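Beneath this line is the structure, given in structure tokens, with notes to follow.
The values are calculated or read from the model by the stated rules, or taken from the named source; none is laboratory data. Just so it is clear, the model here is predicted, and its values are computed rather than measured. Here Cβ is always computed from backbone atoms with ideal geometry, including for glycine, and neighbour counts include all displayed protein chains.
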Amino acid sequence: MAATTAVATLREGGTAAEMREEAMAAGGGARPADAGAAGAVPVAAAPAVRLAGLRKSYGQVAAVAGVDLQIAEGEFFTMLGPSGSGKTTLLRLIAGFERPDAGSVELGGTDVTRDPPYARDVNTVFQDYALFPHMSVLENVEYGLRVRRVAKADRRRRVQQALEMVRLTGFSGRKPIQLSGGQRQRVALARAIVNEPEVLLLDEPLGALDLKLRQEMQVELKRIQREVGITFIYVTHDQEEALTMSDRLAVFNQGSVEQVGTPIDVYEHPASEFVAGFIGISNVLERGGRHITIRPEKIRLLADGEQAPPGSHVESGRIEDVVYLGMLTRYVIALAEGGTLTAVRQNMETAAAEALGARGRAVSVAWRDEQTYEVKGESRASAAALAAPAAPDDPATGPG
Ligand code: ADP
Ligand code: MG
């Protein structure tokens, strides 16, 4: 229902981000205590998903170790983390395939923690797509509607719309085996969006595709999400994917959220060494008892005799390694004051051969202080393990 409203609003020219800002401005994400008490209209400002104190262990393993998150309606939200960090378990808790040991799951302001999967207004797109091999594209896509006994004419219309949305018009008679990997991916997506769920959960949906197709599908997925206005919760271990597609992302480590923020927040201001290392290249130095991080593209390599720009911090070092990456060249520099930095340079002026010849050379590097960012030395997960049971308020959770 809200997804339909979102589509209508989007057609009038608003973006999902604008709508979210409006929703947030209207209610700050908080629900008035008496909302619904008089059977009044539902409060639009309730987040699409609210997770509170969510925990799930398998034996000794805390797969989800206390997660609090709020995801706004219409948001493209990504859970990013290494393999085994609890992303799939968290999605399964939201979908209702697993029951939490503690905590709650709310969808659109309603507590669904005890509800079975079919009673929740969410759909999941699995990594292996799970298409029915004996059914045609049309039958696969309309399956959910048949189960819900939607009338045939309505069903066909909605299937056609969904196939249009994923650009598969004309493929409705084919069987999954007659499709490419990317087309199967689109069918899986159409099969989920045809049900118009409030929330779509996607578990590494592009994992099986090769790089080029994956990059195309990233753009497609983002377009589709913008057009249908459904809240997407997207799981990936691929940082580039997360940065490209998300409105906001949560970085996971060992079942806990290390940081929540926009791609720019998380990339430019990583809250912990773990985040700094997982997103982008880890450039963490210890200077004066502080751990600072600086992104590779902000570091300037000074040519012989070149003056550093005024106000910048200069250190000397030696180029340990040079990697030619086509568009860029990556330099690994061991610094005299201790630590190693990776810097990248666009291959605009430098010829490849010249760049590769730089290995072993002494070099000066420069950066501006405002381009460095102080990070906590350890990750939130390991800090929590050490500080239990009474962990102090941890600024590492960052904005959000
Ligand atoms: P991710 O999706 O981030 O790779 P998972 O949520 O699949 O992580 O797994 C988190 C942790 O929980 C891992 O250590 C994994 O081995 C464990 N785990 C997940 N599901 C089960 C299960 N059904 N039984 C036992 N351990 C599990
Ligand atoms: Mg997983």
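Looking at GLU258, GLU204, GLU241, GLU273 in this structure, which one is more than 30 Å from ASP154 (Cβ to Cβ), at pLDDT below 90 and of a type in the set (Asp, Glu)?
Numbers: GLU258 fails: at pLDDT below 90; GLU204 fails: at pLDDT below 90; GLU241 fails: at pLDDT below 90.
Going through GLU258, GLU204, GLU241, GLU273 in turn, the sole match is GLU273.
Looking at this structure, is PHE274 surrounded by 22 or more Cβ atoms within 10 Å (Cβ to Cβ), aromatic (Phe, Trp, Tyr), within 28 Å of TYR58 (Cα to Cα) and within 16 Å of ligand 2 (Cβ to nearest atom)?
Values: surrounded by 22 or more Cβ atoms within 10 Å (Cβ to Cβ): yes; aromatic (Phe, Trp, Tyr): yes; within 28 Å of TYR58 (Cα to Cα): yes; within 16 Å of ligand 2 (Cβ to nearest atom): no.
Spelling it out, it is not the case that PHE274 is surrounded by 22 or more Cβ atoms within 10 Å (Cβ to Cβ), aromatic (Phe, Trp, Tyr), within 28 Å of TYR58 (Cα to Cα) and within 16 Å of ligand 2 (Cβ to nearest atom).
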When you look at VAL251, is it within 16 Å of ligand 2 (Cβ to nearest atom) and modelled with pLDDT of 95 or more, yes or no?
yes
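For the structure I just gave you, tell me whether GLU286 is over 25 Å from the mean Cα position of the chain (by Cα) and either assigned to a strand (DSSP E or B) or free of Cβ contacts under 8 Å to residues at least 24 places away in the same chain (or both). Full working, then the answer.
Details: over 25 Å from the mean Cα position of the chain (by Cα): yes; either assigned to a strand (DSSP E or B) or free of Cβ contacts under 8 Å to residues at least 24 places away in the same chain (or both): yes.
Criteria met by GLU286.
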Among (1) within 16 Å of ligand 1 (Cβ to nearest atom); (2) modelled with pLDDT of 95 or more; (3) not aromatic (Phe, Trp, Tyr), there is one condition VAL112 misses while meeting the rest; what is its number?
(1)
Could you check ILE281 against (1) away from ligand 2 (no atom under 16 Å from the Cβ); (2) assigned by TED's automatic domain parsing to the domain that holds VAL199 and say which number it fails?
(2)
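Yes/no per residue for (1) surrounded by 21 or more Cβ atoms within 10 Å (Cβ to Cβ); (2) at pLDDT 90 or above; (3) among the charged types (D, E, K, R):
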| position | (1), (2), (3) |
| --- | --- |
| ARG214 | no, no, yes |
| VAL228 | yes, no, no |
| SER246 | yes, yes, no |
| THR262 | no, yes, no |
Would you tally the residues in the stretch 66-85 being assigned to a loop (DSSP other than H, G, I, E, B) and surrounded by fewer than 24 Cβ atoms within 10 Å (Cβ to Cβ)?
4
State whether one or more residues within the stretch 186-197 are away from ligand 2 (no atom under 16 Å from the Cβ), of a type outside the set (Phe, Trp, Tyr) and without any contact (Cβ under 8 Å) to a residue 40 or more places away in the chain.
yes
What's the number of the only condition in (1) away from ligand 1 (no atom under 13 Å from the Cβ); (2) surrounded by 15 or more Cβ atoms within 10 Å (Cβ to Cβ) that ASP128 fails to meet?
(2)
Residue satisfying condition, being within 22 Å of the chain's Cα centre (by Cα), within 16 Å of ligand 2 (Cβ to nearest atom) and at pLDDT 95 or above, within set ILE71, ILE94
ILE94
When ARG92 is run through (1) away from ligand 1 (no atom under 14 Å from the Cβ); (2) without any contact (Cβ under 8 Å) to a residue 24 or more places away in the chain; (3) not aromatic (Phe, Trp, Tyr), the failure sits at (1)
Would you mind stating whether ALA40 is surrounded by fewer than 14 Cβ atoms within 10 Å (Cβ to Cβ), more than 18 Å from ASP203 (Cα to Cα) and at pLDDT 50 or above?
yes
Note on LYS56: of the conditions (1) crowded, with 16+ Cβ neighbours inside 10 Å; (2) within 11 Å of ligand 1 (Cβ to nearest atom); (3) under 20 Å from the mean Cα position of the chain (by Cα), unmet is (3)
